[in-house]
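Here the structure is laid out as structure tokens; the discussion comes afterwards.
The values are calculated or read from the model by the stated rules, or taken from the named source; none is laboratory data. Note that this is a predicted model, so its numbers are computed, not measured. Here the Cβ is made from the backbone with ideal geometry for all residues, glycine too, and neighbour counts use every protein chain on show. Surface accessibility is based on the protein's heavy atoms, side chains included, excluding ligands, DNA and RNA. Shrake-Rupley method; radii C 1.70, N 1.55, O 1.52, S 1.80 Å.
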Amino acid sequence: MKINEVRNLFLDYFKGKGHTVVPSSNLIPKKDPTLLFTNAGMNQFKDVFLGMDTRDYRRAASCQKCVRAGGKHNDLENVGFTYRHHTFFEMLGNFSFGDYFKDDAIKFAWELLTDVYGIPKDKLYITVYKDDDEAYEIWNKKIGIAKERIFKMGEKDNFWSMGDTGPCGPCSEIYYDHGADHGCGKPNCTVGCDCDRYVEIWNLVFMQFNRDEKGKMTKLPKPSIDTGAGLERLTAVMQGVASNYDIDLFKDIKKEIQKDAPIAPKDKHHEASYNAIADHLRSIAFLISDGCFPSNEGAGYVLRRIIRRAIRHGKVIGFNSPFLHGKISVVCDLMGDAYPELKKSKKEIDKILKTEEEKFYETLDKGLGLLEKELSGVSAKGILSGQTAFKLYDTFGFPLDLTQLICRERDVSVDEKGFNEEMEKQRKMARDARTKCSAVSSHISEADIEVIKKDFASISSEFTGYEAYASKSKCVAIVKGGALSESVSKGEKAVLVFDRTPFYAESGGQTADTGEIFVNGVKAADVVTVQKPVGGIHLHLVDNVSGTISKGKDCELRISSDTRKLTERNHTATHMLHNLLRKKLGDHVKQSGSLVNNEFFTFDFSHYEKVSNDQLQEIEQELNLWILRGEEVDFEYKNYKDAVNDGAMALFDEKYGDKVRVVMVGEESVELCGGTHVKNTSEIGIFKILAEESTGAGIRRIRATTSFNAYQELSQTSRSVKETCTELRCADHELLEKTKQVLLEYKQLRKDYDDLKSSSAKVILDEAVICADVINGLKFVFADLTGSSAKDLREHAEYLKSKGSDISVLFSEVEGKSSVVVSVSKSGSTKVPASEIMKYIVSNAGGKGGGNPEYVQGGGSDHQKLKVMKEDIKDFISKK
């Protein structure tokens, strides 16, 4: 029975038992920030079990895509080397939400395994929780399992919890006996042994308790069922093989790999690499099709690690160039009927994977060379230094687990503690750099911030800036020079805290408001920036103080409305741009950073290639049409989970509270955002993309602007076009063709010039050879070839050598920069090496140079001194 039949039979069986067959959820949990990947069938029903969500069914069955390759659930290091470890696997499951309980769950499982799949009953063993007499009795009395085939286990093995608190309960596992041939041979080998004989194929979880913060468990009013059976393990049983990697699916994938692999799976070492590549291909295909993209953080970094491990395993079986992307189609074809998203995404997966492979191959061989060199000095059972492991990670892109994998093959371990210390050093440097940068831009000192943290951590400033540009406020704290103060006077700088403020504090990529403070109707100070480093406290840095502001004083705070409006236009445009990028480029596009001020904004996002000019033009056009439609920009406050469930975009690495602000631009864009925005898209006016560039592996950046700044940009471009057209004597619409024509003419003229220069130089060089001085039998040419580049000098030296010159000293000056070349024939270099001649030149005319006995190149020498050194150099050569 093939794997697709095993899957379909499971779902059909439970459908016949009144279960709703629910599609697999995405591998990247959209509603659960506690998980990096979906790793169990119950993940999509978590809120149902917690009582926070309801469905229109009480019985469900699914075949869930799962990944265990990061965080707590991480099988990566064992993949390929064992029978059953995978990064990607499918979990079959049936679920009851307060409907049936232990009796039916056990009956269904036994009936399906023995009657439907036809697995021999004497091959199956049962485990139950040591205190779950109810489950024991059902298995023994109702199903008829002999007592010696039922094992009672402790909490570690047979009690399941969703977390430290919440729903939990005992579980019962069904094991299959692969036979003594696959056992460890120990006399006490039995169910629960770590060997490959007894394999768990199904886990039935009986959720019947709720555990509180004190550990006390009370019975749930509606007990539920959550079961999980590994499809690959079950298929191995049905196909009579012990290893999951011997089932039909993996055999077909490995067969495709072997088609053009230089090395066949001739031993365990190579077989492990075939297994790992086959497993990793599945993970790669499914993760990318579900919107995960290779990057340097979070789920994207785990995907990158999987890809790079697969590339290295490819090296083991002889692949020395990108090959994975060429094998993705077999996974998509074999599994595309069960998961149509694979066939839909096949081209995109291929493209993303090819780009990632090519990137890693650029550094792979150099990294392997360094590792090989370091390992040559480490004996078996030795340790590779953390510094080396970090250099491989930082310089050559080797994930730590990849280095560990290679070292394990040599029986060498890696100093993981040392690696982590190096990593922390780098992170600290990055943090310090950000702090320094922030300090430069904000000018609020750490000392002032610490005072606020210490004495005012419990207070907060009410932010009124969403509705108003000014507010009547009371000064509640003043900090000067790292100490509390009662007032700030003329000419001083200080940090002020108010009970309420219209000033937006720098956060979420949006820069802070600037503005003024008035006391009794008279301007008292400028607000140059605002930060919120402590809870909800807004720290206002004031400068140009012209009056006295005292603690407890009533003030009027006014932000610069013109600056704020320009910033709001740019900020709303980032949301609109994000929406259009996802529409045009794909759902893998996710915001990874932004900077929004009153002049322009930058928007960083995940994408695997340069955005084409046509795509940028299309996005720009659609965004401007969106502006012209004049759609409302609205917001509401929601519970975080409700907002995400309703489709709001949340940044992966952003921290959110229970209550979040949801910003909606028309009906298209819905994002979690605490920033300020326009009230209608028509307020933005114009949107203009200024640049698109790469900021790192898999991250692109768009720089854009709106409103009057966009008008100025367009106006400047228009003026430049008109001036250029005037110079080229053409109309606006003819500019492109006219430019191409001029460039073509220029290239031809340049070529003619270079040819003429080369011909002229050869005439000079031919004459130089004819008139060459002879020093102790060696022909010596000394020539000033000003106007020639360093490259020209090299070519001239080779030409002279071909004409019989033994020693050539050629020099040139171009735009004030001098170049020198010394060339000596092979026979002449044994008498007077080129490097010795260059040393002599440098000692007298300055500069520097380097090379070998036959050829040296230098620069920086005094050209005027060089011009008169011919006789001195001849004397030097003669003496040598």
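Considering every residue within region 551-571, establish whether at least one is more than 19 Å from residue 503 (Cα to Cα) and touching a Ser or Thr at 6+ places or on another chain (Cβ under 9 Å).
No, region 551-571 contains no residue that is more than 19 Å from residue 503 (Cα to Cα) and touching a Ser or Thr at 6+ places or on another chain (Cβ under 9 Å).
Only one of 118, 179, 185 is closer than 24 Å to residue 11 by Cβ and small (Gly, Ala, Ser). Can you tell me which? Talk me through it step by step, then tell me what you get.
On the way: 179 fails: closer than 24 Å to residue 11 by Cβ; 185 fails: closer than 24 Å to residue 11 by Cβ.
Being closer than 24 Å to residue 11 by Cβ and small (Gly, Ala, Ser) holds for just one of 118, 179, 185, which is 118.
Given (1) modelled with pLDDT under 95; (2) farther than 24 Å from residue 511 by Cβ, where does residue 742 come up short, assuming only one miss?
Only one criterion in (1) modelled with pLDDT under 95; (2) farther than 24 Å from residue 511 by Cβ is unmet by residue 742, namely (1).
Name the residues in region 723-773 that are under 30 Å from residue 825 (Cα atoms), among the aliphatic types (A, V, I, L, M) and open to solvent by 100 Å² or more (accessible area, probe 1.4 Å), would you?
Taking region 723-773 and keeping what is under 30 Å from residue 825 (Cα atoms), we get 754-773.
Subset that is among the aliphatic types (A, V, I, L, M): 756, 761, 763-765, 768-770, 772.
If the condition is that a residue be under 30 Å from residue 825 (Cα atoms), among the aliphatic types (A, V, I, L, M) and open to solvent by 100 Å² or more (accessible area, probe 1.4 Å), then 756, 770 are the ones that fit.
Being in contact with a helix residue (DSSP H, G or I) (Cβ under 6 Å, 6 or more places away or on another chain) and open to solvent by 40 Å² or more (accessible area, probe 1.4 Å) narrows it down to one residue among 346, 351; which is it?
Exactly one residue qualifies, and that residue is 346.
What number of residues in region 846-880 are under 20 Å from residue 794 (Cα atoms), surrounded by 15 or more Cβ atoms within 10 Å (Cβ to Cβ) and in contact with an Asp or Glu (Cβ under 7 Å, 6 or more places away or on another chain)?
Within region 846-880, residues that are under 20 Å from residue 794 (Cα atoms), surrounded by 15 or more Cβ atoms within 10 Å (Cβ to Cβ) and in contact with an Asp or Glu (Cβ under 7 Å, 6 or more places away or on another chain) number 1.
Residues checked against (1) modelled with pLDDT of 95 or more; (2) hydrophobic (A, V, I, L, M, F, W, C):
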| residue | (1), (2) |
| --- | --- |
| 250 | yes, yes |
| 253 | yes, yes |
| 258 | yes, no |
| 268 | no, no |
| 274 | yes, no |
| 279 | yes, no |
| 285 | yes, yes |
| 296 | no, no |
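If I go through region 782-813 residue by residue, how many of them are in a helix (DSSP H, G or I), open to solvent by 10 Å² or more (accessible area, probe 1.4 Å) and free of Cβ contacts under 8 Å to residues at least 40 places away in the same chain? Spell out the reasoning first.
Kept after step one, since they are in a helix (DSSP H, G or I), are these residues of region 782-813: 790-802.
Right, trim to open to solvent by 10 Å² or more (accessible area, probe 1.4 Å) and you get 790-792, 794-796, 798-799, 801-802.
Applying the additional criterion that residues be free of Cβ contacts under 8 Å to residues at least 40 places away in the same chain yields 791-792, 795-796, 798-799, 801-802.
Number satisfying all stated conditions: 8.
Which numbered condition in (1) open to solvent by 20 Å² or more (accessible area, probe 1.4 Å); (2) more than 30 Å from residue 37 (Cβ to Cβ) is the only one that residue 626 fails?
For residue 626, the exception is condition (1).
Which one of these is out of contact with any His (no Cβ under 8 Å at 6 or more places or on another chain), in a strand (DSSP E or B), surrounded by fewer than 17 Cβ atoms within 10 Å (Cβ to Cβ) and not hydrophobic (A, V, I, L, M, F, W, C): 219, 251?
Details: 251 fails: in a strand (DSSP E or B).
Being out of contact with any His (no Cβ under 8 Å at 6 or more places or on another chain), in a strand (DSSP E or B), surrounded by fewer than 17 Cβ atoms within 10 Å (Cβ to Cβ) and not hydrophobic (A, V, I, L, M, F, W, C) holds for just one of 219, 251, which is 219.
May I ask you to list pairs of residues, at least six apart or on different chains, whose Cβ atoms are under 8 Å apart, with the first in region 278-291 being open to solvent by less than 10 Å² (accessible area, probe 1.4 Å) and the second being among the charged types (D, E, K, R)?
Sorted first by the residue in region 278-291, then by its partner, the pairs are 278/254; 280/309; 281/327; 286/65; 288/348.
So residue 116 clears everything in (1) at pLDDT 95 or above; (2) β-branched (Val, Ile, Thr); (3) surrounded by 15 or more Cβ atoms within 10 Å (Cβ to Cβ) except one condition, right? Which one?
(3)
Restricting attention to region 384-418, and to residues there that are part of a loop (DSSP other than H, G, I, E, B) and in contact with a strand residue (DSSP E or B) (Cβ under 7 Å, 6 or more places away or on another chain), which single residue is least open to solvent (accessible area, probe 1.4 Å)?
Of all residues in region 384-418, those part of a loop (DSSP other than H, G, I, E, B) come to 385, 397-399, 410-412, 415.
Those left that are additionally in contact with a strand residue (DSSP E or B) (Cβ under 7 Å, 6 or more places away or on another chain): 412, 415.
Working: 412: 12, 415: 56 Å².
My answer is 412.
Tell me, which residue of region 257-277 that is surrounded by fewer than 23 Cβ atoms within 10 Å (Cβ to Cβ) and small (Gly, Ala, Ser) is nearest to residue 586 (Cα to Cα)?
From region 257-277, those surrounded by fewer than 23 Cβ atoms within 10 Å (Cβ to Cβ) are 258-272; that's our starting set.
Still in the list and also small (Gly, Ala, Ser): 261, 264, 272.
Details: 261: 33, 264: 38, 272: 35 Å.
The qualifying residue nearest to residue 586 (Cα to Cα) is 261.
Can you pull out the residues in region 130-176 that are closer than 28 Å to residue 43 by Cα and in a loop (DSSP other than H, G, I, E, B)?
130, 131, 132, 154, 162, 163, 164, 165
Would you confirm, using the coordinates I've provided, whether residue 165 is polar (S, T, N, Q) and at pLDDT 95 or above? Write out each step before concluding.
Numbers: polar (S, T, N, Q): yes; at pLDDT 95 or above: no.
For residue 165, the condition - polar (S, T, N, Q) and at pLDDT 95 or above - is not met.
On the given criteria, is residue 792 charged (D, E, K, R) and over 48 Å from the mean Cα position of the chain (by Cα)?
Details: charged (D, E, K, R): yes; over 48 Å from the mean Cα position of the chain (by Cα): no.
Considered against the rule, which asks whether it is charged (D, E, K, R) and over 48 Å from the mean Cα position of the chain (by Cα), residue 792 comes out as no.
Might you check whether a residue that is over 25 Å from the mean Cα position of the chain (by Cα), modelled with pLDDT of 95 or more, assigned to a loop (DSSP other than H, G, I, E, B) and surrounded by fewer than 18 Cβ atoms within 10 Å (Cβ to Cβ) occurs anywhere in region 2-15? Steps first, please.
First, the residues of region 2-15 that are over 25 Å from the mean Cα position of the chain (by Cα): 2-15.
Retained after the next criterion (residues that are modelled with pLDDT of 95 or more): 2-15.
Next, only the ones that are assigned to a loop (DSSP other than H, G, I, E, B) stay: 2.
Next, from what is left, pick out any that are surrounded by fewer than 18 Cβ atoms within 10 Å (Cβ to Cβ): 2.
Among the residues of region 2-15, at least one is over 25 Å from the mean Cα position of the chain (by Cα), modelled with pLDDT of 95 or more, assigned to a loop (DSSP other than H, G, I, E, B) and surrounded by fewer than 18 Cβ atoms within 10 Å (Cβ to Cβ), which makes the answer yes.
Do you know which of the residues in region 482-516 that are among the small types (Gly, Ala, Ser), assigned to a strand (DSSP E or B) and in contact with a strand residue (DSSP E or B) (Cβ under 8 Å, 6 or more places away or on another chain) is nearest to residue 467 (Cα to Cα)? Can you show your working first?
Applying the first criterion (among the small types (Gly, Ala, Ser)) to region 482-516 yields 482-483, 485, 487, 489, 491, 494, 505, 507-509, 512, 515.
Imposing the further condition that a residue be assigned to a strand (DSSP E or B) reduces the set to 483, 487, 494, 507, 515.
Next, from what is left, pick out any that are in contact with a strand residue (DSSP E or B) (Cβ under 8 Å, 6 or more places away or on another chain): 487, 494, 507, 515.
Working: 487: 29, 494: 27, 507: 18, 515: 16 Å.
The residue in question is 515.
Which of the residues that make up region 16-38 are part of a loop (DSSP other than H, G, I, E, B), closer than 22 Å to residue 57 by Cα and open to solvent by 40 Å² or more (accessible area, probe 1.4 Å)?
17, 18, 23, 26, 30, 31 - these are the residues of region 16-38 that are part of a loop (DSSP other than H, G, I, E, B), closer than 22 Å to residue 57 by Cα and open to solvent by 40 Å² or more (accessible area, probe 1.4 Å).
Return yes when residue 122 is open to solvent by 40 Å² or more (accessible area, probe 1.4 Å), more than 29 Å from residue 23 (Cβ to Cβ), at pLDDT below 95 and in a helix (DSSP H, G or I) and no when it is not. Please lay out each step first, then the result.
Working: open to solvent by 40 Å² or more (accessible area, probe 1.4 Å): yes; more than 29 Å from residue 23 (Cβ to Cβ): yes; at pLDDT below 95: no; in a helix (DSSP H, G or I): yes.
No: the conditions fail for residue 122.
Got at least one residue in region 14-22 being more than 21 Å from residue 109 (Cα to Cα) and of a type in the set (Phe, Trp, Tyr)? Please lay out each step first, then the result.
Just the residues of region 14-22 that are more than 21 Å from residue 109 (Cα to Cα), to begin with: none.
No, there is no match, as no residue in region 14-22 is more than 21 Å from residue 109 (Cα to Cα) and of a type in the set (Phe, Trp, Tyr).
Results for (1) in contact (Cβ under 8 Å) with a residue 12 or more places away in the chain; (2) closer than 30 Å to residue 879 by Cα; (3) in a helix (DSSP H, G or I), shown as yes or no for each residue.
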| position | (1), (2), (3) |
| --- | --- |
| 746 | no, no, yes |
| 749 | no, no, yes |
| 752 | no, no, yes |
| 761 | yes, no, yes |
| 765 | yes, yes, yes |
| 769 | yes, yes, yes |
| 774 | no, yes, no |
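Among the residues of region 56-88, count how many are of a type in the set (Gly, Ala, Ser) and either at pLDDT below 95 or more than 30 Å from residue 15 (Cβ to Cβ) (or both).
Of the residues in region 56-88, the ones of a type in the set (Gly, Ala, Ser) are 60-62, 69-71, 80.
Still in the list and also either at pLDDT below 95 or more than 30 Å from residue 15 (Cβ to Cβ) (or both): 69-71, 80.
Within region 56-88, residues that are of a type in the set (Gly, Ala, Ser) and either at pLDDT below 95 or more than 30 Å from residue 15 (Cβ to Cβ) (or both) number 4.
Can you find, within region 160-174, the residue that is farthest from residue 224 (Cα to Cα) among those that are open to solvent by less than 30 Å² (accessible area, probe 1.4 Å) and not charged (D, E, K, R)?
Of the residues in region 160-174, the ones open to solvent by less than 30 Å² (accessible area, probe 1.4 Å) are 166-174.
This time we only want the ones that are not charged (D, E, K, R), so: 166-172, 174.
Values: 166: 13, 167: 9, 168: 10, 169: 10, 170: 11, 171: 12, 172: 14, 174: 19 Å.
Filtering first and then ranking leaves 174.
Scan region 223-248 for residues that are of a type in the set (S, T, N, Q) and crowded, with 21+ Cβ neighbours inside 10 Å and jot them down.
Result: 224, 227, 235, 244.
Which of the residues belonging to region 296-329 are surrounded by 18 or more Cβ atoms within 10 Å (Cβ to Cβ) and not in a helix (DSSP H, G or I)?
Matches in region 296-329: 317, 319, 322, 323, 327.
Quick one: count up the residues across region 111-153 that are out of contact with any strand residue (DSSP E or B) (no Cβ under 8 Å at 6 or more places or on another chain) and within 14 Å of residue 173 (Cα to Cα).
Total satisfying the criteria: 1.
Got at least one residue in region 608-616 being open to solvent by less than 40 Å² (accessible area, probe 1.4 Å), of a type in the set (Phe, Trp, Tyr) and not in a helix (DSSP H, G or I)? Outline the logic, then answer.
Of region 608-616, the ones open to solvent by less than 40 Å² (accessible area, probe 1.4 Å) are 608, 611, 616.
Checking the rest, the ones that are also of a type in the set (Phe, Trp, Tyr) come to 608.
Now narrow it down to the ones that are not in a helix (DSSP H, G or I): 608.
So far as region 608-616 goes, yes, one or more of its residues are open to solvent by less than 40 Å² (accessible area, probe 1.4 Å), of a type in the set (Phe, Trp, Tyr) and not in a helix (DSSP H, G or I).
Is it the case that residue 365 is part of a helix (DSSP H, G or I) and free of Cβ contacts under 8 Å to residues at least 12 places away in the same chain? Can you show your working first?
Details: part of a helix (DSSP H, G or I): yes; free of Cβ contacts under 8 Å to residues at least 12 places away in the same chain: yes.
Yes: the conditions hold for residue 365.
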